[in-house]
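This report refers to the structure that appears directly beneath it.
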Amino acid sequence: MTKPEQCTPEERMPDRRTPDIRAGDVLPALEIPITRTLIVAGALASRDYQDVHHDAELAKEKGSPDIFMNILTTNGLVGRYLTDHLGPAAVLQKLAIRLGAPNYPGDTMTLTGTIIDVDAATDTAPGAARDAPTEAPMDSATETHPTTKTHPTTKTHPATETHPTTVPTSTTGGTTVQVRIIGTNALGHHVTGTATVRLTPGGAAASCPSSPRRSPGATV
């Protein structure tokens with residue numbers, strides 16, 4: 001019987017200790033290939049069945065050169081980018097983004113982030129933020145797209161959108177970090193916005209990853 005592979009200490013993922021970050025720090029860039037599969041899969045996973053996200057012919061009838069990524073997929077990719085770089089202690093609390101140039105198949109989106117504020121807050125009563133969220137929860141945020149043939153083909157996203165989302169969590173301990181996010185493609189800025197991330201202290205070290213991490217869409 002074959003024994004499972006054992007990873008060395010150097011291969012283990014970082015533990016849940018709060019990373020040493022300061023205002024002005026720049027996160028490493030992440031390049032994400034925009035494939036047709038990624039666009040369609042993201043739309044289906046987020047239950048967005050509008051034809052402009054999966055049917056090229058119908059998208060062209062509405063004025064778009066091809067299908068394009070929906071805002072919920074972008075939302076998820078931005079969240080993944082933040083938690084990947086800030087570590088397993090990071091909890092995404094708020095995300096407010098605006099879409100610009102559409103993500104079309106064959107393009108590449110490059111995400112970058114800059115730390116704009118770091119606040120090592122004191123402990124508050126457990127459950128305070130959980131019981132009284134200040135904004136609508138994530139699943140209440142919606143996105144609208146034009147259904148007429150006036151869909152623009154310029155470098156601006158059809159119906160420029162803001163997409164604020166909040167995930168209520170306890171604010172006991174930890175550090176609150178605000179990050180400015182920019183995602184660019186061949187047409188310009190696809191997404192811009194800010195995020196609030198909570199870095200929780202303590203916790204055990206994570207286990208060894210089973211395979212190298214790669215950007216979404218890299219193998220499709």
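The values are calculated or read from the model by the stated rules, or taken from the named source; none is laboratory data. All of these numbers come straight from a predicted model, not from anything done at the bench. In this analysis, Cβ positions are derived from the backbone assuming ideal geometry, glycine residues included, and neighbour counts consider all displayed protein chains.
Figures for the structure shown
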| quantity | calculated |
| --- | --- |
| Segment 94-122: number of residues that are closer than 18 Å to GLY76 by Cβ and of a type in the set (A, V, I, L, M, F, W, C) | 6 |
| Subset of segment 105-123 (residues that are touching a Ser or Thr at 6+ places or on another chain (Cβ under 9 Å) and buried (at least 20 other Cβ atoms within 10 Å of the Cβ)) | MET109, LEU111 |
| Criterion: in contact with a helix residue (DSSP H, G or I) (Cβ under 9 Å, 6 or more places away or on another chain), under 24 Å from THR184 (Cβ atoms) and modelled with pLDDT of 95 or more - qualifying residue of ILE34, ILE67 | ILE67 |
| Residues that are of a type in the set (A, V, I, L, M, F, W, C) and over 19 Å from ILE97 (Cα atoms), drawn from segment 40-85 | VAL40, ALA41, LEU44, ALA45, VAL52, ALA56, LEU58, ALA59, ILE67 |
| Residues of segment 60-93 satisfying the condition of being more than 16 Å from ASP48 (Cβ to Cβ), over 11 Å from the mean Cα position of the chain (by Cα) and touching a residue at least 12 places away in the same chain (Cβ under 8 Å) | GLU61, GLY63, PRO65, ASP66, HIS85, LEU86, GLY87, PRO88, ALA89, ALA90, VAL91, GLN93 |
| Residue within segment 88-108 that is touching a strand residue (DSSP E or B) at 6+ places or on another chain (Cβ under 8 Å), closer than 18 Å to THR196 by Cβ, in a loop (DSSP other than H, G, I, E, B) and of a type in the set (Gly, Ala, Ser) present | yes |
| Qualifying residue in segment 33-54 (condition: surrounded by 19 or more Cβ atoms within 10 Å (Cβ to Cβ), in a strand (DSSP E or B) and in contact (Cβ under 8 Å) with a residue 12 or more places away in the chain) | yes |
